[in-house]
1. Can you tell me what share of the DSSP beta bridges in segment 78-234 is antiparallel? A percent to the nearest 5 is fine.
2. Please tell me which of these pairs span more than 18 angstrom C-alpha to C-alpha: 176/227; 132/227; 93/130?
3. Once the Cβ-Cβ distance between residue 194 and residue 78 is put in as r, and R0 is 30 Å, what FRET efficiency do you end up with, to the nearest 0.05?
4. Fewest Cβ neighbours within 10 Å first, please rank 180, 162, 185, 115 accordingly.
Amino acid sequence: MKQRLSQVFWRFRDGRRLFSGSSSSGGGGPVSWPTVALVASVGAAAVVYMNVTKQKKKAEAASKVEGFGKPMLGGPWALVDSRGVPTSSEDFKGGYTLIYFGFTFCPDICPTELVKMSRVTTLIEQRNAKAKLTPIFITLDPYRDSCAQVGAYVKDFHPKMVGLTGTPAQIGKAAKKFRVYFAEVDHEEGQDDYLVDHSIVMYLMGPDGEFIDFFTQFATANEVADKIEKIMKSRE
Ligand code: NI
């Protein structure tokens with residue numbers, strides 16, 4: 001069953017146009033109505049499948065359904081922070097994290113998403129003083145995004161935001177764990193003016209480093225904050 005579910009999820013996210021924004025468009029990404037329809041239909045299919053499963057396995061429903069929507073995402077990663085200090089997923093245990101992958105030279109989508117992530121962080125702070133939520137930006141562009149570069153970049157968004165970079169191998173591994181797609185566009189050797197096409201997803205991870213939920217660019221800051229608040233309350 002787990003297998004089946006993660007396939008649904010994979011197809012959902014692997015619809016590259018769905019989550020990946022070609023920043024070169026300068027517009028707001030290549031989202032179109034057919035894409036929205038695809039999201040809706042895949043979502044509907046998932047719901048139907050879930051209902052069928054519920055009926056079939058009434059007896060063991062609770063735990064099975066719970067596990068159903070939780071694909072294996074995330075897991076241990078090791079990167080480097082803006083001071084050059086090795087930083088891993090272990091360092092954030094005990095609190096929630098909101099993780100976003102992008103690159104600092106992104107002309108439009110990343111800044112928009114990071115403004116949103118910062119807004120979500122502030123909303124959670126305002127609503128629940130005890131809540132521990134750390135927004136994390138992980139670059140997909142290690143060639144240009146040095147420690148200092150990611151450090152300076154995240155400061156513009158939120159004082160709590162952590163900026164991480166690493167070797168191409170470290171970043172590749174972390175991205176793979178979150179099934180983040182990324183590819184440099186027309187990067188010629190020795191040339192620093194290129195874009196990185198990448199997935200646009202925010203991941204909510206729990207205090208044990210476990211994957212809880214993800215948010216696409218269609219979700220507003222308020223919607224994301226509402227959902228996170230609800231999740232935090234239900235787990236208190
Ligand atoms: Ni971007």
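1. 65
2. Checking Cα-Cα distances, 176/227 exceed 18 Å.
3. Given R0 = 30 Å and the Cβ-Cβ separation, E is 0.70.
4. 185, 115, 162, 180
Rule-based calculations on the coordinates, nothing more; no lab input. Because the structure is a prediction, the values reported are computed rather than measured. Neighbour counts are summed over all protein chains in view; Cβ atoms, including those assigned to glycine, are modelled from backbone coordinates with ideal geometry.
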